[in-house]
Structure formats: structure tokens, C-alpha cells
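Worksheet: the structure to be examined is printed underneath.
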């Protein structure tokens with residue numbers, strides 16, 4: 001019984017957003033499972049490196065140390081933003097995601113520098129500098145506004161907004177709405193970008209909780225945190241991602257949702273880094289066939305040239 005053991009150790013990155021995610025898991029463990037827990041912050045290579053993530057092996061740089069701590073028994077569970085979990089690298093052997101928390105807002109939002117006279121992307125004049133950490137965002141911004149100048153900006157949400165305000169090198173940055181909310185900065189958003197103009201990344205707005213498969217008691221407790229609809233959405237999106245075999249530098253977007261008539265919709269996109277070429281697919285199926293839908297959408301994208309786009313991007 002979990003009640004007979006010490007508090008569960010929750011492993012997480014040390015960024016403000018990651019710590020906020022871990023605190024949410026901690027609260028839900030108390031409320032739903034009656035389990036005490038403590039948060040163990042782990043500084044990852046991805047957090048320490050401010051250069052191009054592809055030089056560290058992509059988003060997996062955020063997971064390696066946390067997974068290692070889980071496998072070696074230094075922590076009991078690991079908390080991840082699912083958008084940062086790569087699709088071309090398997091989970092550590094003997095681990096699994098026992099819970100996906102209910103999906104939060106998937107929209108990307110525009111945050112302008114303090115004092116800016118602009119509020120939305122459509123108002124920005126040609127040549128305006130926009131900052132983003134994601135090649136997915138850069139590709140989609142340039143697809144709609146090739147006249148803008150989009151540059152990489154790394155760091156956690158707080159540091160990116162501070163850099164925006166203090167240095168004046170960017171007019172605006174594009175960030176995730178749920179990330180702003182978790183860090184108490186939602187008031188800084190000046191425009192919510194529709195998903196048909198900015199398709200979210202696979203796993204957007206979802207927190208996943210990973211544990212060792214041998215710890216059946218912990219897995220059972222975590223199942224009380226699991227959101228069934230979110231698991232369906234993640235299954236569709238990540239099956240598509242696995243089918244595309246995209247590397248860390250691939251601008252791949254994917255968004256599943258349940259329609260008003262109960263169908264599961266999945267939209268997938270693969271872009272060149274500047275948005276000049278792209279493959280697009282959207283299909284529907286029953287929610288119980290989430291994996292089949294994800295596999296089908298990836299196959300459609302591959303038939304439309306996604307493999308050539310992915311292979312043509314250096315990594």
C-alpha cells in the first residue's frame with residue numbers, strides 16, 4: 001500500500017512552468033489518491049543550454065536526466081510536458097505514462113513587448129522581428145506572413161518575456177497559452193492565434209506522468225489522475241508522430257479533438273523550416289480507433305511528400 005511508504009518523489013525540470021506542472025500533479029495525488037508527495041527538481045542539459053536544441057539531440061535533452069533519475073530509483077514518478085517528448089526516441093525501458101492530465105488550452109498566443117503599438121500579427125509591418133523557440137511556429141508564421149523576420153529565442157517563459165521587454169530586439173514573441181497560464185502571465189497575451197492558422201504541436205497542453213511499470217501501486221494511484229479523453233487525443237497524435245519518424249528539427253504539427261457529433265478529428269502538418277513547402281492531412285474516425293486514425297493520417301502525409309520534407313531538413 002502507498003500509505004505505508006514515504007512520500008512519492010516527483011521528478012521534474014526546474015523551470016517555473018515545469019515546477020507549476022509538478023505542483024498540479026502533487027495536488028491531484030493528494031486530492032484523488034490520498035498520496036503524499038514531494039517535488040525533486042532536476043536541472044537538465046536542455047535547460048542549461050541556450051543554443052540550438054538540435055545540437056543536443058533535440059527535445060530529448062529535457063528528458064534524459066529525469067528519465068535516468070526515474071530508472072535509477074532517485075525519483076518515483078516523472079512529470080513531462082508531452083509536447084517535449086520526442087517521437088523518434090523510445091521511452092526508457094521499464095517505464096510508461098500511467099497518467100495524462102486533462103488537456104489545457106492548445107492555442108499559441110502573441111505577446112508584444114511593453115510599449116508596443118501593435119496587438120496582433122496582422123498589424124506587424126514587413127520586416128518586423130518575431131521571436132519563437134519552435135521551428136513549427138516559425139514555419140507557420142512564414143507560411144502566412146513571409147515578409148516577417150522570425151528568429152529563435154530560447155529560455156523559459158519568464159526569461160523570454162523579460163528579454164522581449166528589456167532588450168528591444170523583438171517586437172513580439174509567440175508562446176503557448178497554457179504555459180502563460182501556469183506561470184501567471186496570461187495577461188501578457190495580446191492575440192490568441194486560431195489553430196487553423198497555427199496548428200499546435202503534438203501533445204500541446206498535456207502533462208504526462210511517467211512511472212516504472214514494476215511499481216504497480218504507483219501506477220494504480222496515477223490512474224486516478226488519468227483523463228480518458230486526453231489519452232485518446234494523445235494516442236492519435238503520437239501514433240501519427242511515430243509513423244512520420246520525425247527528428248528533433250522537423251516542423252511537425254498535429255492536433256486531435258472530438259467534434260460536436262462525437263467523431264475524433266486529427267489534423268497533421270509537416271513543413272519546411274521557412275514554410276515554403278508543406279504536407280497537410282485531416283481525417284476522422286471513431287474515438288475508439290485513435291491509434292488507427294493516427295497511423296492513417298501519417299500514411300496520408302507520407303504519400304503527400306512528408307518524408308522528403310523531413311529528410312531534407314538538417315539534423
In a Gaussian network model of the chain with springs linking alpha carbons closer than 10 Å, the residue among 117, 64, 83 that fluctuates most is 117
Measuring from the longest principal axis of the C-alpha atoms of the chain, the long axis of helix 228-244 (C-alpha) lies at a number of degrees, nearest 10, equal to 60 degrees
Helix 290-303 versus the longest principal axis of the chain: what angle, 0 to 90°, nearest 10, using Cα atoms? 30 degrees
Report the gain in length on full extension from residue 311 to residue 214: 0.36 nm times residue separation, minus Cα-Cα distance, nm rounded to one decimal. 31.2 nm
Relative contact order, percent, the stretch 236-311 [alpha-carbon distance under 8 Å, six or more residues apart]: 35 percent
The stretch 108-193: relative contact order in percent, alpha carbon pairs under 8 Å with at least 6 residues between: 47 percent
Using only the Cα atoms of the stretch 108-193, what do you get for the radius of gyration and for Dmax, in Å? 11.6, 32
Selected from 250, 122, 298 as most flexible by GNM, with the chain as the system and alpha-carbon contacts under 10 Å: 122
Computed over the Cα atoms of the stretch 236-311, what is the ratio Rg over Rh, Rh following Kirkwood? 0.99
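Expected output is a single nm value to one decimal: the length gained when fully extending between residue 263 and residue 295, i.e. 0.36 nm times separation in residues minus the C-alpha distance. What is it?
Here the segment from residue 263 to residue 295 would lengthen by 9.9 nm.
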Rounded to the nearest 500, what is the chain's calculated 222 nm mean residue ellipticity when only DSSP H runs of at least 4 contribute -39500 (n - 2.57) each, over all residues? -9000 deg cm²/dmol
Mind telling me which of 110, 28, 301 comes out most flexible in a GNM of the chain, alpha-carbon contacts under 10 Å? 28
Kindly work out what percent of the DSSP beta bridges joining two residues of the chain are antiparallel, to the nearest 5. 70 percent
Counting other C-beta atoms within 10 Å, which of 97, 271 has the fewest, and how do the rest follow? 97, 271
Kirkwood radius from Cα pairs of the chain plugged into Stokes-Einstein at 4 °C, 1.567 mPa s, gives D in µm²/s equal to 64 µm²/s
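Percent relative contact order of the chain, based on C-alpha pairs within less than 8 angstrom and at least six residues apart?
This gives 20 percent for the chain.
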As I understand it, the value is the acute angle between the Cα axis of helix 157-167 and the longest principal axis of the Cα atoms of the chain; what does it come to in degrees, rounded to 10? 30 degrees
Starting from the Cα-Cα distance between residue 304 and residue 96, subtract it from 0.36 nm times their residue separation and give me the gain in nm to one decimal. 71.6 nm
Just to be sure I understand: of the beta bridges DSSP finds with both ends in the stretch 108-193, what percent are antiparallel, rounded to 5? 60 percent
Applying 1/(1 + (r/R0)^6) with R0 = 22 Å to the Cβ-Cβ distance of residue 277 and residue 197, what FRET efficiency is obtained, to the nearest 0.05? 0.80
Once you place label points 7 Å from the Cα toward the Cβ at residue 117 and residue 68, how far apart are they in nm? 5.2 nm
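Read the figures in this text as sums done on the coordinates, not as results from a lab. What you see is a predicted model; the values in this text were computed from it and never measured. Quick reminder, even Gly has a Cβ in these numbers, built from the backbone with ideal geometry, and neighbours come from all protein chains shown.
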